[in-house]
């Protein structure tokens, strides 16, 4: 599948906020948003006209980039959320949070979602004892995500655990640090999802 392979810090600068795409770099003095708090490119410091469409588009782009999705995949998630009962925006965030790469990141077993995808692709994680190498796998309630035994000494995993020691695991997940495994206890709800995004604007954009 196609993926963005350009500089991640450029995406954060484009959105004007930290999207935490590069793990520890985002909380260090090297963060590009802190050093150059304006959009990239030769016209980055030119004041652009703000319109309703522009505001909605920027919210959608932020959400896509946080979870590392391209337009077609993101649109499919939106349509799936729209068909479910309840508030479409809340359903969309719940689906995105349930992705395996995000769950691994939320558990603190990877320093970023990008690193999480790499580790999953290289067969370092299992669900209920079976190896799963699909980052977009939607984890269900009761499923147990575990670092495979042969991968427990991996430096990226150990480094991520050390860095994420101060990062709180969401209440819809539980983590067994000793066994390097976590479980999905409930579905994520909006109150527990802390993101710099107004999902209602995304819904309005796709409803135009």
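Values for this structure:
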quantity	calculated
Among the residues listed as 62, 114, the single one being in a helix (DSSP H, G or I) and farther than 24 Å from residue 191 by Cα	114
Of all residues in segment 130-150 being in contact with a strand residue (DSSP E or B) (Cβ under 8 Å, 6 or more places away or on another chain) and within 17 Å of residue 177 (Cα to Cα), the one that is surrounded by the fewest Cβ atoms within 10 Å (Cβ to Cβ)	148
Number of the condition not met by residue 95 [criteria: (1) at pLDDT 95 or above; (2) assigned to a loop (DSSP other than H, G, I, E, B); (3) under 28 Å from residue 11 (Cα atoms)]	(2)
Selection within segment 119-129 - surrounded by fewer than 21 Cβ atoms within 10 Å (Cβ to Cβ) and free of Cβ contacts under 8 Å to residues at least 24 places away in the same chain	121, 122, 126, 128, 129
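The values are calculated or read from the model by the stated rules, or taken from the named source; none is laboratory data. What you are looking at is a predicted structure, and each value in this text was computed from that prediction instead of being measured. Positions of Cβ are backbone-derived with ideal geometry, glycine not excepted, and every protein chain shown enters the neighbour counts.
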